[in-house]
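Enquirer: Take a look at this one; I'll ask things after.
The values are calculated or read from the model by the stated rules, or taken from the named source; none is laboratory data. Remember, it's a predicted structure, so these values are computed and weren't measured experimentally. Backbone-built Cβ (ideal geometry, glycine too); neighbour counts: all protein chains shown. These accessible areas exclude ligands, DNA and RNA; they are computed on the full protein's heavy atoms, side chains included. Shrake-Rupley method; radii C 1.70, N 1.55, O 1.52, S 1.80 Å.
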Amino acid sequence: MDKKTLNFFEMTYTTNDLMQANLTRLEPYPQLTKDAALLNTTLGTTGGVMKEVQKDTSGATDDKSNARMAAILKTVSVARRASVYPMLTNNRQLFEQLDIQKSDLTRLAQTALTERLNGVYDDVVSIQEPIAGMGVPPEETVEMRTLIDAYAKYKAVPRTLTAQHKTLNQSSLPALKKEFRTILDRLDRLMLVFEGTSFYEDYRNARIIIDRTGHEPEEGDKGTKG
């Protein structure tokens, strides 16, 4: 199975997890509820093939996922507080560097994310003295550095399929991929009812097909395409 197909199926699972966690939001929209259920049902009737693929190609252990999120949350928290300083000093460039959202970072692949986190850290350190009185003490900056380093230690390398997974029946995958694309295309259109909300932003992030080798998402796989 090619890498692009593997990444597509993992995106499908991520999107389904989000939809299933927000079913109550969908209740006012019968067709949206129906397609979310269809996506979940289709994933559940693939004989475990897709789940095995997902587990094998996750490219990250639970520890890595936890380290990634911890680094992102701390960096966003520190950066947004620190951004008050460039606001007061009319430093537009620095403000734009520090004015980040969680969604800005979660969509990045590992290499790009690590570079972005390091860049924010350097910016924070450069103004450490004045922002100490704005709720960003030096010890919190040190904590941010520690969390970034903890995430960066994980290598962005592809995992090879084990012999067990190679024996899985791959012949049904093209048809399944086509079916999932049809469902996801409808969801992309129906989800526009939530446009402008954090739920919609989470959906767009879930629909990004991440290249687990550490490269940037492929053009055309961002947002509502997949």
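Enquirer: Of all residues being among the acidic types (D, E) and part of a loop (DSSP other than H, G, I, E, B) in segment 171-226, which is modelled with the lowest pLDDT? Just the residue, please.
Expert: Initially, segment 171-226 is screened for residues among the acidic types (D, E), giving 179, 185, 188, 195, 201-202, 211, 216, 218-219, 221.
Add one more test, that the residue is part of a loop (DSSP other than H, G, I, E, B), and what stays is 195, 211, 216, 218-219, 221.
Working: E195: 93, D211: 51, E216: 45, E218: 44, E219: 35, D221: 43.
Within segment 171-226, the match that is modelled with the lowest pLDDT is E219.
Enquirer: Which residues, counting only those in segment 64-85, are in a helix (DSSP H, G or I) and touching a Phe, Trp or Tyr at 6+ places or on another chain (Cβ under 8 Å)? Full working, then the answer.
Expert: Going through segment 64-85, the residues in a helix (DSSP H, G or I) turn out to be 64-82, 84-85.
Hits for segment 64-85 are K64, A67, R68, A70, A71, T75.
Enquirer: Taking segment 1-28 as the search range and keeping residues that are in contact with a helix residue (DSSP H, G or I) (Cβ under 8 Å, 6 or more places away or on another chain) and charged (D, E, K, R), which one is nearest to P174 (Cα to Cα)? Outline the logic, then answer.
Expert: Going residue by residue through segment 1-28, those that are in contact with a helix residue (DSSP H, G or I) (Cβ under 8 Å, 6 or more places away or on another chain) are 1, 5-20, 22-23, 25-27.
Those left that are additionally charged (D, E, K, R): 10, 17, 25, 27.
Numbers: E10: 15, D17: 22, R25: 31, E27: 31 Å.
Step by step, filter segment 1-28, then rank; the result is E10.
Enquirer: Residues being more than 20 Å from the chain's Cα centre (by Cα), open to solvent by 60 Å² or more (accessible area, probe 1.4 Å) and either at pLDDT 90 or above or not β-branched (V, I, T) (or both): count how many of those fall in segment 42-55.
Expert: Residues meeting the conditions: 2.
Enquirer: May I pose another question? Step by step: first the residues of segment 105-154, then only those that are open to solvent by less than 50 Å² (accessible area, probe 1.4 Å) and of a type in the set (D, E), then the one that is modelled with the lowest pLDDT. Which residue is that?
Expert: Taking the candidates together, the pick is E140.
Enquirer: Between a first residue in segment 84-109 that is over 10 Å from D123 (Cβ atoms) and a second residue that is of a type in the set (D, E) and modelled with pLDDT under 95, which pairs have beta carbons less than 7 Å apart while being 6 or more apart in sequence or on different chains?
Expert: From segment 84-109, the pairs are S103/E201; A109/D211; A109/E216.
Enquirer: Find the residue count for segment 5-41, including only residues that are touching a Phe, Trp or Tyr at 6+ places or on another chain (Cβ under 7 Å), part of a helix (DSSP H, G or I) and surrounded by fewer than 17 Cβ atoms within 10 Å (Cβ to Cβ).
Expert: At the first step, the residues of segment 5-41 found to be touching a Phe, Trp or Tyr at 6+ places or on another chain (Cβ under 7 Å) are 12, 18, 22, 25.
Next cut, part of a helix (DSSP H, G or I) only: 12, 18, 25.
Checking the rest, the ones that are also surrounded by fewer than 17 Cβ atoms within 10 Å (Cβ to Cβ) come to 18, 25.
Total satisfying the criteria: 2.
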